[in-house]
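Novice: Mind having a look at this structure? Questions to follow.
The values are calculated or read from the model by the stated rules, or taken from the named source; none is laboratory data. Here the structure is a predicted model, which means the values were calculated and not measured. Every residue, glycine as well, gets a Cβ built from its backbone with ideal geometry; the counts of neighbours run over all protein chains shown.
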Amino acid sequence: MKLFKLIKYIFLIFVLGISVMIIFLWNIQEDLPNANISEYFPNEITKIYDNNYDLLYHVGSRDRFYIEYNDIPGKMIQAILAAEDKTFFQHQGYDIKGIINAFLVNLKNIYSKTNSNYVGASTITQQLVKNILLNNDQTITRKVKELILSIRIENEYSKEFILELYLNEIYFGRRSYGVASAANNYFNKSIFDLDIHEYAYLAALPKGPNNYDPKKNYQKALDRRNYVLNQMFLNEYIDKEKYEIYLKKEIILSDKNNKKYNLDYKTDYILQQLSQNSISANAFYIQSTIDQNLQFLAEKSLLDNLLFFEKKYKNWSGSYKDLSSIQELNYSPHWSIAKVQKIQNNRVELELLNNGETIVLTDDLNLFGSKKQKPSSFLVSGDYLYLTLINDKYFLAQDIDINGSVLVIDPYNGNILAMVGGTNYKKSNFNRATQAFRQPGSSIKPFIYASAIENKLYLPNTLILDSGVLLEQGPNLPIWVPKNYSDKSYGEMTFRRALENSNNLITLKIGLDLGINKVSKFFEEINLYENDMQKDVYSSLLGAIENNLLNITKSYSVFVNGGYQVEPNIIKKVVSDKGNLVFNQDYFSCDYCNFQITDRSYRKPQIQSKQDNIISPQTSYQILSILRGAIERGTGKTLNSIQYPIAGKTGTTNDSKDLWFFGLTPKFVVGVYVGYDNPKKIGYRETGSSVALPIFKSFMEAYLQKDKDKDIDFFIPDNIILKKIDPNTGTFEIKNSSIIEYFTKDQLETINNLNKVNNIGGIN
């Protein structure tokens, strides 16, 4: 009877237990997330690269590069399996032996009280479920959910797909999610270039990245790495000989993770363009058009030249007592931080912080402003300051008040190769290349001269009288009496010479002959107007309109590319985090790289453009030729020392508030702007030639030290005829002072006809 009751109770308890279990599992079942992982894709961060796929900036806290299973190196997979789940390809989502072993080990630890760390038995599948479908709650309910979902996933998906997601999802430390990112951040290598002992180290990390950081505990990290190697050996992934070799290898990590990818003018502008184009996804890979070499040269040229310009007007502002204060200025890496070690009369010893090198300065120590003083009066031992290296010589550097911008554009497709929006983004994120709308001054003149040739009103050798002009501006407004920069008039001057020397009065006469409406229409076509209020104003002929450096620089491209309008581009390609092409730049074809040699031995690109043809190739080249003359004989003649084909134009506004220079080369167009954010006179009789042009000069000199293709030249379009002329009279004469001028066949026929009418005779 007692036995019967015992059986009865046992049965009731069993039924009750089963019932509780069923209810428990039913409730869990109702609360389970969808086990469909086919469309799951780990979130990545937005990454911005330069034209060569070097990282410029990343947005977000997670660093991840997704890599498909077939591309993951076999040894990486073997290392992970050896460390995390040896029976992965045999089990159904759970490991019974592992569970039993973990239970016994944990029971022993509890009983002996010798170890408070519990041993887990989660398979790779279970870890994946926890990471992407559940959470890290240490509860029985979560573990049961994890088990059920793991079984479901194993029944629905291949082992390879599960492992692919796991290896791209798991956290390795150093902000690294996934094996590809971990390889890059720990070893500064591609995942494909690691050695086996490095794969083993990465495989050791998921258990606890912080615990196995060699900088915190090298021996612990080494022991864990060697454990993985041992498991790889026991599982016959490596032989004994290699195992013993790899055990002796040190763990040598890269310091690449310390690199800061700070937001700057160019990357800020890229993100703005991304937003304006309504491109949306979880994350992106953005390939920009930026050339990092040109970018660096542009940044340093701007900083150094504005520094030296300010030395004429600004005294030394002082060194810094502590390192953090000078670091806040954020002029690195273009300038180096140094510590003052010793001061003796006009001799100062400094230590470069980046490498400990001792620098001795004897020059340039008291050359700031008008106040000359000994170094001992403005430097103190132990202080910190900036140094800039120019032509293998160090100079004192300090915080800059004046500002400016530099743009480098490919004239054939509008690609922005470099963008410097100011001297210091951290100090001010106002982008002076795109957001500062200022008067371009004389830099607007080439477009008026181009329109005059295009409309067949003038020829390059046409003589024009440089004389005074009186202009009525409207009711109740004073009569405008414009003047040349020198306040002088120069009599008759050729069309060419007038532009080479940036003559104001002749420019006005040309513009008036064209008609202000025609000039306005042309300016609109090339986007030189910012608003309609600037139209039909006489002063617009001398640059009293407002626009930014970006628009004006791209407009200058027409003189290099054969007269085609291009639109600025800074984004070359955008790929979503799922590998889908979101955006691809709509290039027009340009065979600029496939040169054809003409009978003049000039390299001639064949341009087929979807863009608008603003002016003819012939007019474009004629203006380009005149702008080359401005470098040889005119406002840009300080560039004559550079042995490279350069055309250019300066720009100076009234009271020297805004200064410009636009340099044209066969490869790129460079725009330079200098001015204060709150406009004021820059300096006594300072011009685009004295302030903006030197920035371009430094840029080109540095560029040509590395550039190998120095035999390049601008291309000459068809139907261009070369003639020698007297630069003063414009007549066709051959003498020592003669220069080459460029005409079309039609233009020469016009000249011939005029000469016949005047009984002068034809042109030979």
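Novice: Answer yes or no as to whether Ala436 is over 32 Å from the mean Cα position of the chain (by Cα) and closer than 30 Å to Ala498 by Cα.
Specialist: The answer is no for Ala436.
Novice: Looking at segment 69-186, what helices (runs of 4 or more DSSP H) fall wholly within it and have at least 2 residues that are of a type outside the set (Phe, Trp, Tyr) and at pLDDT 85 or above?
Specialist: Answer list for segment 69-186: 74-84, 159-169.
Novice: Would you please name the residue that is nearest to Tyr676 (Cα to Cα), looking only at residues in segment 334-356 that are loosely packed, with under 15 Cβ neighbours inside 10 Å, within 31 Å of the chain's Cα centre (by Cα) and not small (Gly, Ala, Ser)?
Specialist: Residue satisfying both the conditions and the ranking: Asn354.
Novice: Being surrounded by fewer than 18 Cβ atoms within 10 Å (Cβ to Cβ) and under 17 Å from the mean Cα position of the chain (by Cα) is the filter here; which residues of segment 297-333 pass it?
Specialist: Those that are surrounded by fewer than 18 Cβ atoms within 10 Å (Cβ to Cβ) and under 17 Å from the mean Cα position of the chain (by Cα): Ser332, Pro333.
Novice: Of everything in segment 383-428 that's aromatic (Phe, Trp, Tyr) and in the same structural domain as Tyr673 (by TED's automatic domain parsing), which residue is nearest to His334 (Cα to Cα)?
Specialist: Of everything passing the filter in segment 383-428, Tyr425 is nearest to His334 (Cα to Cα).
Novice: Thr635 fails exactly one of the following numbered conditions: (1) of a type in the set (Ser, Thr, Tyr); (2) farther than 23 Å from Gly404 by Cα; (3) touching a Ser or Thr at 6+ places or on another chain (Cβ under 7 Å). What is the number of that condition?
Specialist: All conditions pass for Thr635, except number (2).
Novice: Would you be able to say whether some residue in segment 709-729 is in a loop (DSSP other than H, G, I, E, B), free of Cβ contacts under 8 Å to residues at least 40 places away in the same chain and closer than 26 Å to Thr462 by Cβ?
Specialist: Taking every residue of segment 709-729 in turn, at least one turns out to be in a loop (DSSP other than H, G, I, E, B), free of Cβ contacts under 8 Å to residues at least 40 places away in the same chain and closer than 26 Å to Thr462 by Cβ.
Novice: Can you tell me which residue in segment 506-536 is modelled with the highest pLDDT, limited to those that are out of contact with any strand residue (DSSP E or B) (no Cβ under 8 Å at 6 or more places or on another chain) and among the charged types (D, E, K, R)?
Specialist: Applying the filter and picking the extreme gives Asp513.
Novice: Would segment 447-460 turn up any residue that is charged (D, E, K, R), assigned to a loop (DSSP other than H, G, I, E, B) and modelled with pLDDT of 95 or more?
Specialist: no
Novice: Report every pair of residues separated by at least 6 positions or lying on different chains whose Cβ atoms are under 9 Å apart, first residue within segment 182-203 and polar (S, T, N, Q), second in a helix (DSSP H, G or I) and crowded, with 24+ Cβ neighbours inside 10 Å.
Specialist: Matching pairs, first to second residue: Ser190/Ala183.
Novice: Tell me whether segment 553-560 contains one or more residues that are of a type in the set (A, V, I, L, M) and at pLDDT 90 or above.
Specialist: Yes, some residue in segment 553-560 is of a type in the set (A, V, I, L, M) and at pLDDT 90 or above.
Okay, residues lined up against (1) more than 30 Å from Ile270 (Cβ to Cβ); (2) part of a loop (DSSP other than H, G, I, E, B):
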| position | (1), (2) |
| --- | --- |
| Val340 | yes, no |
| Val348 | yes, no |
| Glu351 | yes, no |
| Asn355 | yes, yes |
| Gly369 | yes, yes |
| Ser377 | yes, no |
| Gly382 | yes, yes |
| Tyr412 | no, yes |
| Leu417 | no, no |
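Novice: Hey, could you check segment 149-193 for residues that are among the hydroxyl-bearing types (Ser, Thr, Tyr) and surrounded by fewer than 22 Cβ atoms within 10 Å (Cβ to Cβ) and say which is nearest to Ile80 (Cα to Cα)?
Specialist: Of everything passing the filter in segment 149-193, Tyr171 is nearest to Ile80 (Cα to Cα).
Novice: For residues in segment 477-509 being part of a strand (DSSP E or B) and not small (Gly, Ala, Ser), which is nearest to Ser467 (Cα to Cα)?
Specialist: Ranking the candidates gives Glu492 first.
Novice: Of the numbered conditions (1) among the acidic types (Asp, Glu); (2) in contact with a Phe, Trp or Tyr (Cβ under 9 Å, 6 or more places away or on another chain); (3) in the same structural domain as Lys445 (by TED's automatic domain parsing), Asp726 fails exactly one; give the number of that condition.
Specialist: Of (1) among the acidic types (Asp, Glu); (2) in contact with a Phe, Trp or Tyr (Cβ under 9 Å, 6 or more places away or on another chain); (3) in the same structural domain as Lys445 (by TED's automatic domain parsing), only one is false for Asp726: (3).
Novice: Let me ask you something else. Can you name the helices (runs of 4 or more DSSP H) wholly within segment 191-271 that have at least 2 residues being under 20 Å from Gln78 (Cβ atoms) and hydroxyl-bearing (Ser, Thr, Tyr)?
Specialist: 196-204, 240-247
Novice: Next question, about the same structure. Would you pick out the residues in segment 645-674 that are in contact (Cβ under 8 Å) with a residue 40 or more places away in the chain, among the small types (Gly, Ala, Ser) and more than 25 Å from Asn293 (Cα to Cα)?
Specialist: Gly651
Novice: Please find, among Phe172, Phe187, Phe192, the residue that is within 33 Å of the chain's Cα centre (by Cα) and under 20 Å from Leu128 (Cβ atoms).
Specialist: Testing whether each residue is within 33 Å of the chain's Cα centre (by Cα) and under 20 Å from Leu128 (Cβ atoms) leaves just Phe172.
Novice: With respect to Asp401, determine if the residue is under 31 Å from the mean Cα position of the chain (by Cα) and over 23 Å from Met700 (Cα atoms).
Specialist: Here the answer is yes, as Asp401 does meet what is asked.
Novice: Also: Can you tell me which residue among Asn235, Asn262, Asn211 is in contact (Cβ under 8 Å) with a residue 60 or more places away in the chain and touching a helix residue (DSSP H, G or I) at 6+ places or on another chain (Cβ under 8 Å)?
Specialist: Residue meeting the stated conditions: Asn235.
Novice: Right, next: Hey, could you check segment 652-686 for residues that are closer than 15 Å to Ile631 by Cβ and not hydrophobic (A, V, I, L, M, F, W, C) and say which is surrounded by the most Cβ atoms within 10 Å (Cβ to Cβ)?
Specialist: Ranking the qualifying residues of segment 652-686, first place goes to Gly663.
Novice: Same structure again: Return the pair list, or none, for Cβ contacts closer than 7 Å from residues in segment 466-485 that are acidic (Asp, Glu) to residues that are part of a loop (DSSP other than H, G, I, E, B), at least 6 apart or on different chains.
Specialist: Matching pairs, first to second residue: Asp466/Ser489; Asp466/Tyr490; Asp466/Asn503; Glu472/Ile479.
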